[in-house]
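The values are calculated or read from the model by the stated rules, or taken from the named source; none is laboratory data. Owing to the predicted nature of the structure, the values given are computational and were not obtained by experimental measurement. Cβ coordinates were reconstructed from backbone atoms using ideal geometry, including for glycine residues, and neighbour counts include every protein chain displayed. Just the protein is used for accessible areas: all its heavy atoms, side chains included, with ligands, DNA and RNA removed. Shrake-Rupley method; radii C 1.70, N 1.55, O 1.52, S 1.80 Å.
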Amino acid sequence: ASFVMACAENGRLNLDDRIGTYVDGVAEPDATFRQVLSHTSVLGNSLTYTYRPDRIDELAGVIRRCEGATYRSASAQLHGRLAMINSVPGADVLSVLEPPAPGDPDTEREHYTDVLSRLAVPYAVDSQRRVFVSQYSSTTLTPSSGLITSVHDYAQFDLALRSGLLMQPATLAEAWRQPIDPASGKPLPHGLGWFVQNYNGDPVIWQFGMGENGSSSMVVTLPARGLTLVMAANSTGLVKSFPLADRKSTRLNSSHVAL
């Protein structure tokens, strides 16, 4: 989302343009960037919300066109720019690295090898509540999954985002604004890349992720208070018991607040 919002800010695309006008072969060529990032679709006179992270993968080709680099390369460059030293653009990165020039040290490979060697061991729980070592399900980087990072590194990204380093405050405010269904006049729960809700008058910006049998994460930002909570786990236990993807209303219940 941050890549697309920055591209829109720089005039390289319009959020209401159709994705099919930028890249060929996408599953939803008539969907707009705004619709994909907010997980919405037009149905008659209504704007409907359905959380489908796989739709975001279609943005990889757009980001490549805008950034002049593959999504993996653009992500790696951003990690370096923000000193995200424990972030790896996909578990398979070692298989796609270009060899260094003759005589040059292979520092990039050495760095990623070191980070991957310190990766947390994933765990899963079976139907008998027995815990066992599992495997991470994401093996490559896509816009919807596969990033390896740390809580500290994500904090670096969050600070850059909220300080205006990645996009202007007005652009971030647009991303963190709830879309409105024109038919009902009601706000929908997902902005442009983030869930956007309110609790006791304060905006609450959040997002989550879960890989089958081995990882889960959640980020909650309170922009009015300058606070961000970043959580990561080497199991699905952090978010699996909460119906976060099925947010139909814009009211945070007590279990989400407790989390």
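Let's see how each residue does on (1) under 27 Å from PRO243 (Cα atoms); (2) in contact with a strand residue (DSSP E or B) (Cβ under 8 Å, 6 or more places away or on another chain):
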site: SER2; (1), (2): yes, no
site: LEU13; (1), (2): no, no
site: ARG18; (1), (2): no, yes
site: THR40; (1), (2): yes, yes
site: ASN45; (1), (2): no, no
site: VAL88; (1), (2): no, yes
site: ALA91; (1), (2): no, yes
site: ASP104; (1), (2): no, no
Matching entry among VAL62, VAL115, VAL88 (being under 21 Å from the mean Cα position of the chain (by Cα), of a type in the set (Val, Ile, Thr) and closer than 19 Å to ALA175 by Cα): VAL62
Pair list, Cβ under 8 Å, 6 or more apart: the stretch 32-46 residue under 15 Å from PRO189 (Cα atoms), other residue of a type in the set (Phe, Trp, Tyr): SER38/TYR49; HIS39/TYR49; HIS39/TYR51; THR40/TYR49
Search result, residues across the stretch 26-83 that are outside any helix (DSSP H, G or I), closer than 20 Å to MET210 by Cβ and open to solvent by 40 Å² or more (accessible area, probe 1.4 Å): THR50, TYR51, ARG52
Residue count, the stretch 158-195 (criterion: under 17 Å from ALA8 (Cβ atoms) and more than 15 Å from the chain's Cα centre (by Cα)): 11
Single unsatisfied condition, ARG130 versus (1) out of contact with any helix residue (DSSP H, G or I) (no Cβ under 9 Å at 6 or more places or on another chain); (2) open to solvent by less than 20 Å² (accessible area, probe 1.4 Å); (3) among the charged types (D, E, K, R): (2)
Residue satisfying all of: in the stretch 64-90; at pLDDT 95 or above and among the hydrophobic types (A, V, I, L, M, F, W, C); nearest to PHE33 (Cα to Cα) among these: ALA74
Every residue from the stretch 97-117 that is modelled with pLDDT under 95, open to solvent by less than 70 Å² (accessible area, probe 1.4 Å) and not charged (D, E, K, R): LEU97, PRO100, ALA101
Residue selected from the stretch 1-25 under the condition aliphatic (A, V, I, L, M) and in a helix (DSSP H, G or I), by the criterion surrounded by the fewest Cβ atoms within 10 Å (Cβ to Cβ): ALA6
Criterion: more than 22 Å from ILE56 (Cα to Cα), among the small types (Gly, Ala, Ser), crowded, with 16+ Cβ neighbours inside 10 Å and in contact (Cβ under 8 Å) with a residue 60 or more places away in the chain - qualifying residue of ALA120, ALA124, ALA175, ALA183: ALA124
